[in-house]
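Worksheet for the structure shown next.
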Amino acid sequence: MAAAKLRKSCGKNYQKQELIISIFNKIDAPNKYQYKVAISTRTAFQILLFLYFIIVLKLTLIRRPINYFMEQLHDNYGLASVKQNIVHSNPVPFNTIIHYFSGVERLEFSIPNLLGNLILFIPFGFILPILNFRFNKLSKIILAALFLSLGIETIQMIGCLGQFDVDDLLLNTLGAGIGYLILFVYRKIKI
């Protein structure tokens, strides 16, 4: 009864609003639950990517206590130490990998280093295409991983936090490619 009185008093405006509301109810009704699930899944993957980046930073750039960084900045940081770090970098592809497999380095050091660089970027190749549809091609994942790894290696070299090694770039990029291929195979099996 009250609705009928409201319709008469508001006239055509009420009918337009009622039509618009009913259209949106029909559009949204079947997908409300799916939309909420998609947003919560997306949020979960965003949190996962954030935690992944924290782990990558911890393993690659922040391996030592903060006191070490303060001492490095105070005592060693300067153009001379950056130049020395550049001189000791490895710009030759596969040089470190061949060095490790030749038996010069102990396996306790070489295997974790090689596998660590490979495994470190597998989650990147898996999570990024889930969060951003623009990265649904292997070539785009490879480029994104290459630039991220290049950024890390450059910061290590300039900040005297480690050695620049092109083999790390190759292994990180390969790891991201493996992560993408895992996702690709999972999507094909799921369908």
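Coordinate-derived values only; no laboratory data. What you see is a predicted model; the values in this text were computed from it and never measured. Neighbour counts run over all protein chains shown; Cβ positions are idealised from the backbone, glycine included.
With θ taken as phi - 60° and the Karplus curve 6.51 cos²θ - 1.76 cosθ + 1.60 applied, the whole-hertz 3J(HN,Hα) list for segment 131-141 is 7, 9, 5, 5, 9, 8, 10, 4, 4, 6, 5 Hz, x standing for glycine and proline. Using R0 = 35 Å, the C-beta based FRET efficiency linking residue 190 and residue 63 works out to 0.40.
Between residue 146 and residue 111, what FRET efficiency comes out of the Förster formula 1/(1 + (r/R0)^6) with R0 = 25 Å and r the beta carbon distance, rounded to 0.05? Efficiency for this residue pair is about 0.60.
Karplus-based coupling profile of segment 171-178, in residue order and whole Hz: 5, 4, 5, 4, x, 5, x, 5, with θ = phi - 60° in 6.51 cos²θ - 1.76 cosθ + 1.60 and x standing for Gly or Pro. Applying 0.36 nm per residue to the separation of residue 154 and residue 138 and subtracting their alpha-carbon distance, the gain on full extension is 3.4 nm.
Taking θ as phi - 60° and the Karplus parameters 6.51, -1.76 and 1.60, the scalar couplings of segment 97-114 work out to 4, 5, 4, 5, 7, 6, x, 5, 8, 5, 4, 4, 9, 6, 5, x, 5, 5 Hz in sequence order, x denoting glycine and proline. A Förster distance of 35 Å, applied to the separation of the beta-carbon atoms of residue 101 and residue 182, puts the FRET efficiency at 0.90.
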